[in-house]
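**Student:** Attaching a single structure in structure tokens format; questions to follow.
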Amino acid sequence: MTDMKSGIQRPLIRTLMPLIALLAIVAVACGASAPEEAAPAPAEPAAAPQLAEPAALAIPATAAPAAQETMAKPAESMEAKPAETMAQASEPEPAQAAAAAPTAAPQSTPAPPPQVESARDTLIFVTNEEPTTVGAASPNCGGNIQNTICDDMASDPLTWIDDHNNFEVVGLTGIEGWEQIDTDRWRFQLRQGVTFHNGAPWNAEQAAFWIDFFGDEETSGHHNSNDFSFHGVIGGEVVDDYTLDVVCGDACPILPRTTIFTKFQDVGWFLETVGSTSIEDLPIEFPAEVHRNTVGLGPYKLVEWRSGIEIELEANKDYNPNPATSFSQAPSINTVIQQWRNEPAVRASMLQAGEADWTEIAIDDRDRVPKWVSATNNEVFRFTIDTIFDPELSKKDVRAALNHSVDCQTILEQIYGGLVSCYGNIAQVGTVGITDYNSAHHAYDPDLAQQLLQQANYDPEHEIVLTMRSNRIPKDVEVGEAYVTSWNAVGIKATLNVVESSVYSQIHRSTCGHQRTREEIANAAGADLHAKCVTLGPGPPRHASLSIAAGPTSTESLDYSRQAVLRNSCYSRSSGVCYQDFQDLMEEANATPTGDLRRQRMEVLADYVHDNFHFVHGFQVVSVYALSEGLEWTPHYAPRVRANTMYFSK
């Protein structure tokens with residue numbers, strides 16, 4: 001990758017200090033008198049912010065927090081290995097039938113420092129679009145900053161990955177600890193004294209409802225595949241009021257690391273809102289109130305959604321902080337307001353004018369704002385291809401031509417000035433399964449692309465449509481335009497379709513797995529899963545090929561199982577892929593215990609995706625965040641923002 005640091009101008013004082021020091025030495029040498037007492041050295045200026053570069057994250061193997069008295073004593077701790085393999089010192093053979101020993105517990109996390117008092121009481125953060133939902137059960141909730149209220153401000157998920165503490169998995173307000181008691185069963189101890197925003201008590205029955213909701217393939221496929229794609233089939237069993245067993249449909253060796261989007265709302269409020277009496281009779285389509293309201297556990301609660309203008313939150317005064325992590329601290333800013341502007345330059349102007357406190361900006365605008373910070377955010381900008389239903393894109397040679405016709409690195413250099421580099425897979429470096437080989441982009445070779453098209457008997461009149469949102473990340477439409485131009489240059493008839501989020505979701509979810517059960521797919525005509533999907537055709541709501549859809553995707557668990565399930569499974573609403581052999585390999589790999597064998601099997605999956613051109617190569621996202629002068633905040637390693645970790649120093 002190009003060295004981005006050289007492109008940042010250092011403060012003037014750093015340039016002048018060596019010259020000043022040299023002049024002082026010369027003056028003394030020439031007989032200038034020194035003062036009787038040396039003046040104190042001036043304070044070193046704050047270091048200039050630097051642009052982030054994608055790098056492997058050193059995460060430990062999945063582990064449990066310190067065991068509670070009510071829980072079984074964990075096995076003797078084992079030293080965690082580097083994150084790139086997430087390997088432990090030993091590993092049972094796959095055929096071993098005995099139950100897994102409880103996962104080793106790490107050292108306890110120290111309690112966070114006392115809550116910081118904020119100098120200001122209102123925060124305005126600005127996103128690229130108006131949220132599509134604030135409701136945790138909405139199908140639109142999950143995985144991006146635009147909808148961060150439903151994920152991380154009004155909600156607390158079951159678990160959280162604390163990148164401020166060696167990437168340990170921790171509980172937030174609702175969870176005290178956990179242990180693995182069988183290969184497919186984890187026991188969670190819930191915290192007492194926790195309530196929802198309406199005062200309803202948090203307990204194991206409440207938790208079990210949402211474990212069932214997000215863990216049922218049919219329900220979650222309809223309502224929130226972002227969560228389901230991490231953990232697969234799971235169910236909740238109540239042990240007592242504050243003890244819950246999470247039971248998996250298959251072995252789930254890294255489960256606590258995969259429940260980081262499993263959220264909770266008051267069940268009574270939710271069932272009354274949807275007009276149901278239990279999880280068994282939920283409607284497929286939820287009423288608007290489920291999308292526009294929420295009664296969660298999080299540090300902030302909804303005050304009002306003023307459509308087209310802003311969303312106002314207020315601090316949850318009854319929030320019960322978990323001392324295990326600073327991400328569960330009580331909020332110090334009372335009022336949080338979300339506004340939205342699509343253009344990065346407009347958002348930068350709002351920071352410049354003092355009209356906002358936090359936003360994401362383009363690299364070109366960083367010198368216009370009071371201060372900025374850069375970080376990777378675990379996202380890879382990917383181009384999802386319909387490999388099932390589109391008659392041309394289902395041909396491997398055509399997909400290869402799409403990759404070889406794009407001079408990805410030059411395009412990104414021109415648009416982002418060296419901020420990002422071309423990347424050949426859909427999970428960031430450091431993810432278990434990702435290697436130098438399977439993350440390498442495909443070589444730019446337009447002559448080869450044309451040969452591949454001819455070899456595939458490509459129909460030049462067939463139109464391929466690239467659908468994307470505007471400024472989901474800064475300058476993404478410029479990237480889309482350059483890709484479409486490259487495809488047209490080699491004889492592929494391609495057009496760009498820029499749409500708003502709700503329309504994008506409809507197009508991108510018309511897949512084999514959307515709103516279809518495994519039973520429905522199994523009963524379709526066809527020799528294997530791919531043939532069965534072809535028989536069924538594209539799913540609702542459009543029942544038409546997605547063609548190609550572009551946008552970021554994230555792998556917060558840092559395990560390739562997430563992307564295998566989300567974007568490469570026959571049963572996922574977000575997948576344009578269905579191959580029987582890949583599905584079998586994926587299900588075997590996902591059930592493999594943490595260690596070298598799991599790493600190897602995840603590498604096989606990532607190699608398969610790379611070598612079969614399931615996607616057009618994209619790039620690992622690097623974000624630049626603008627902050628108001630007094631706002632103190634450290635970016636998370638993933639695209640998640642918790643306002644309770646922010647405060648104003650002035």
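The values are calculated or read from the model by the stated rules, or taken from the named source; none is laboratory data. Keep in mind it's a predicted model, so treat the numbers as computed, not measured. Quick reminder, even Gly has a Cβ in these numbers, built from the backbone with ideal geometry, and neighbours come from all protein chains shown. What goes into the accessible areas is simple: the full protein's heavy atoms, side chains included, and nothing from ligands, DNA or RNA. Shrake-Rupley method; radii C 1.70, N 1.55, O 1.52, S 1.80 Å.
**Student:** Could you tell me whether region 498-509 includes any residue that is over 27 Å from Cys533 (Cα atoms) and assigned to a loop (DSSP other than H, G, I, E, B)?
**Tutor:** Within region 498-509, one or more residues are over 27 Å from Cys533 (Cα atoms) and assigned to a loop (DSSP other than H, G, I, E, B).
Here is a yes/no grid of residues against (1) touching a strand residue (DSSP E or B) at 6+ places or on another chain (Cβ under 7 Å); (2) among the hydroxyl-bearing types (Ser, Thr, Tyr):
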{"site": "Ser470", "(1), (2)": "yes, yes"}
{"site": "Ile492", "(1), (2)": "yes, no"}
{"site": "Asn497", "(1), (2)": "yes, no"}
{"site": "Gly526", "(1), (2)": "no, no"}
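**Student:** When the residues of region 298-307 are narrowed to those that are assigned to a strand (DSSP E or B) and touching a helix residue (DSSP H, G or I) at 6+ places or on another chain (Cβ under 8 Å), which ends up surrounded by the fewest Cβ atoms within 10 Å (Cβ to Cβ)?
**Tutor:** Only one residue tops the list, namely Trp305.
**Student:** Can you confirm whether Tyr483 is open to solvent by less than 60 Å² (accessible area, probe 1.4 Å) and either in a helix (DSSP H, G or I) or closer than 23 Å to Arg567 by Cα (or both)?
**Tutor:** yes
**Student:** A further question follows. Can you tell me which residues in region 583-610 are in contact with a Leu (Cβ under 7 Å, 6 or more places away or on another chain) and closer than 25 Å to Gly142 by Cβ?
**Tutor:** Once the filter is applied, which keeps residues that are in contact with a Leu (Cβ under 7 Å, 6 or more places away or on another chain) and closer than 25 Å to Gly142 by Cβ, region 583-610 yields Gln583, Met586, Ala589, Leu605.
**Student:** While we're on this one: Taking the criterion of being out of contact with any Pro (no Cβ under 6 Å at 6 or more places or on another chain), under 30 Å from Pro474 (Cα atoms) and modelled with pLDDT under 95, would at least one residue in region 575-586 satisfy it?
**Tutor:** yes
**Student:** Which of the residues that make up region 438-472 are part of a loop (DSSP other than H, G, I, E, B) and under 29 Å from Ile363 (Cα atoms)?
**Tutor:** Within region 438-472, Asn438, Ser439, Ala440, His441, His442, Ala443, Tyr444, Ser470, Asn471, Arg472 meet the criteria.
**Student:** Of all residues in region 597-650, which are part of a helix (DSSP H, G or I), among the basic types (Lys, Arg) and out of contact with any helix residue (DSSP H, G or I) (no Cβ under 9 Å at 6 or more places or on another chain)?
**Tutor:** Within region 597-650, Arg599 is the sole residue that qualifies.
**Student:** Taking the condition of being surrounded by 24 or more Cβ atoms within 10 Å (Cβ to Cβ) and under 16 Å from Leu172 (Cβ atoms), how many residues in region 256-272 meet it?
**Tutor:** 9
**Student:** Can you run down the residue pairs with Cβ atoms below 7 Å, 6 or more apart or on separate chains, where the first is in region 531-544 and part of a loop (DSSP other than H, G, I, E, B) and the partner is modelled with pLDDT of 95 or more and of a type in the set (S, T, N, Q)?
**Tutor:** Close Cβ pairs satisfying both conditions: Pro538/Ser545.
**Student:** Residues to consider are Ala550, Ala564; find the one that is buried (at least 23 other Cβ atoms within 10 Å of the Cβ) and assigned to a helix (DSSP H, G or I).
**Tutor:** Ala564
**Student:** Under the condition of being of a type in the set (S, T, N, Q), within 25 Å of the chain's Cα centre (by Cα) and not in a loop (DSSP other than H, G, I, E, B), which residue from region 315-335 is farthest from Val116 (Cα to Cα)?
**Tutor:** My answer is Ser328.
**Student:** Within region 253-297, restricting attention to residues that are part of a loop (DSSP other than H, G, I, E, B) and either within 20 Å of the chain's Cα centre (by Cα) or among the basic types (Lys, Arg) (or both), which residue is nearest to Gly199 (Cα to Cα)?
**Tutor:** Phe264
**Student:** So which of Leu419, Leu412 is open to solvent by less than 10 Å² (accessible area, probe 1.4 Å) and in a loop (DSSP other than H, G, I, E, B)?
**Tutor:** Matching residue, one of Leu419, Leu412: Leu419.
**Student:** Scan region 588-642 residue by residue and report those that are under 21 Å from the mean Cα position of the chain (by Cα), farther than 19 Å from Cys570 by Cβ and among the polar types (S, T, N, Q).
**Tutor:** Within region 588-642, Gln620, Ser623, Thr634 meet the criteria.
**Student:** Need pairs with beta-carbon distance below 7 Å; first residue in contact (Cβ under 8 Å) with a residue 24 or more places away in the chain and within 24 Å of Ser557 (Cβ to Cβ) and within region 628-648, second in a loop (DSSP other than H, G, I, E, B) and of a type in the set (A, V, I, L, M, F, W, C); sequence gap 6+ or separate chains.
**Tutor:** From residues that are in contact (Cβ under 8 Å) with a residue 24 or more places away in the chain and within 24 Å of Ser557 (Cβ to Cβ), the pairs are Trp633/Met646; Tyr637/Leu57; Ala643/Ile333; Asn644/Ala330; Thr645/Trp633.
**Student:** Let me spell it out: the conditions are (1) touching a Cys at 6+ places or on another chain (Cβ under 9 Å); (2) in a strand (DSSP E or B), and Gly236 meets all of them except one. Which number is the exception?
**Tutor:** With (1) touching a Cys at 6+ places or on another chain (Cβ under 9 Å); (2) in a strand (DSSP E or B) applied to Gly236, the lone miss is (1).
**Student:** Identify all residues within region 362-389 that are within 23 Å of Gln451 (Cα to Cα) and out of contact with any helix residue (DSSP H, G or I) (no Cβ under 9 Å at 6 or more places or on another chain); write none if there are none.
**Tutor:** Correct list: Asp386 only.
**Student:** Within region 447-480, can you find the residues that are open to solvent by less than 20 Å² (accessible area, probe 1.4 Å) and on the phi > 0 side of the Ramachandran plot?
**Tutor:** Selection gives Asn471 alone.
**Student:** Could I ask something else about it? Surrounded by fewer than 20 Cβ atoms within 10 Å (Cβ to Cβ), more than 27 Å from the chain's Cα centre (by Cα), farther than 20 Å from Pro460 by Cα and among the polar types (S, T, N, Q): does that describe Asn523?
**Tutor:** yes
Rundown of residues vs (1) buried (at least 21 other Cβ atoms within 10 Å of the Cβ); (2) not in a loop (DSSP other than H, G, I, E, B), yes/no style:
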{"position": "Ala136", "(1), (2)": "yes, no"}
{"position": "Thr148", "(1), (2)": "yes, yes"}
{"position": "Asp151", "(1), (2)": "yes, yes"}
{"position": "Asp156", "(1), (2)": "yes, no"}
{"position": "Gln180", "(1), (2)": "yes, yes"}
{"position": "Phe188", "(1), (2)": "yes, yes"}
{"position": "Asp212", "(1), (2)": "no, yes"}
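**Student:** If you don't mind, there's one more thing I want to ask. Specify which of the listed residues (Leu402, Leu351) is over 24 Å from the mean Cα position of the chain (by Cα), farther than 29 Å from Tyr458 by Cβ and crowded, with 23+ Cβ neighbours inside 10 Å.
**Tutor:** Leu351
**Student:** In addition: Out of the residues in region 366-380 that are under 14 Å from Ser628 (Cα atoms) and in contact with a strand residue (DSSP E or B) (Cβ under 9 Å, 6 or more places away or on another chain), which is least open to solvent (accessible area, probe 1.4 Å)?
**Tutor:** Once the filter is applied, the top-ranked residue is Val369.
**Student:** Test Leu566 against the stated conditions and say whether it is aliphatic (A, V, I, L, M) and under 17 Å from Glu379 (Cα atoms).
**Tutor:** yes
**Student:** Any idea how many residues of region 586-596 are touching a helix residue (DSSP H, G or I) at 6+ places or on another chain (Cβ under 6 Å) and either within 19 Å of Lys532 (Cα to Cα) or part of a helix (DSSP H, G or I) (or both)?
**Tutor:** Looking only at that region, the number is 3.
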